[in-house]
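Right, one structure below, let's go through it.
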Amino acid sequence: MTKGTLTPMYPSWTLPDPDTQPDFYSDTPVKRLIAWLVDTVLIALICVLILPFTAFTGLFFFPFLMLVVGFFYRWFTIASRSSTWGMRLMAVEFRRGDGQLFDAGTAFLHTLGLTISFALPVLQLISVAMMLFSPRRQGLTDHMLGTVAVNRRAVS
């Protein structure tokens, strides 16, 4: 095996090392929280724009509408550039264990994991604790998929 190649058993070899390159992970939990708030506001606005097309019956199932719209918003935005619009605003992006940007399948699995975590608050608490205390600031879904959220490199 040549230097720099990966084996499936060790997918984190191409990710920035949290000990030698901590800037990639600094403040990512706070940035992810702010990005989540921005994304939630955008999702709510999209849902409000959809309401007239439901003859306003969407008001009766607004939380479900938010769930569905939020799922597709997150999946499509993450699949397109490995970050939601809120994450782009905060200069954070997701990376797979091999260091590559998310593809549609990884984006779907990550969004599904996030949705399940929100549905079960104990999982969300575990995820937040993991983001605060793990070296790479990974949440529960990140740990399960071998993914990370990192600060985007500045474009020169």
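At-a-glance table
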item	result
Tally of residues being surrounded by 14 or more Cβ atoms within 10 Å (Cβ to Cβ) and out of contact with any Ser or Thr (no Cβ under 9 Å at 6 or more places or on another chain) across the range 92-110	1
Exclusive hit being on the phi < 0 side of the Ramachandran plot, over 13 Å from the mean Cα position of the chain (by Cα) and surrounded by 14 or more Cβ atoms within 10 Å (Cβ to Cβ), set MET130, MET87	MET130
Residue check, PRO8 out of contact with any Gly (no Cβ under 6 Å at 6 or more places or on another chain), over 26 Å from PHE118 (Cα atoms) and either buried (at least 17 other Cβ atoms within 10 Å of the Cβ) or at pLDDT 90 or above (or both)	no
Any chance ILE78 is of a type outside the set (S, T, N, Q), in contact with a Lys or Arg (Cβ under 9 Å, 6 or more places away or on another chain) and modelled with pLDDT of 95 or more	no
Residue list for the range 84-128, restricted to those being part of a loop (DSSP other than H, G, I, E, B), farther than 13 Å from LEU140 by Cβ and aliphatic (A, V, I, L, M)	MET90, ALA91, LEU101
Answer from GLY113, GLY86, GLY146 - the residue that is among the small types (Gly, Ala, Ser) and farther than 19 Å from LEU33 by Cβ	GLY146
Leading residue by the ranking (surrounded by the fewest Cβ atoms within 10 Å (Cβ to Cβ)) among those in the range 140-153 that are without any contact (Cβ under 8 Å) to a residue 60 or more places away in the chain and part of a loop (DSSP other than H, G, I, E, B)	ARG153
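The values are calculated or read from the model by the stated rules, or taken from the named source; none is laboratory data. Fair warning: this is a prediction, and the values are worked out from it, not measured in the lab. Backbone-built Cβ (ideal geometry, glycine too); neighbour counts: all protein chains shown.
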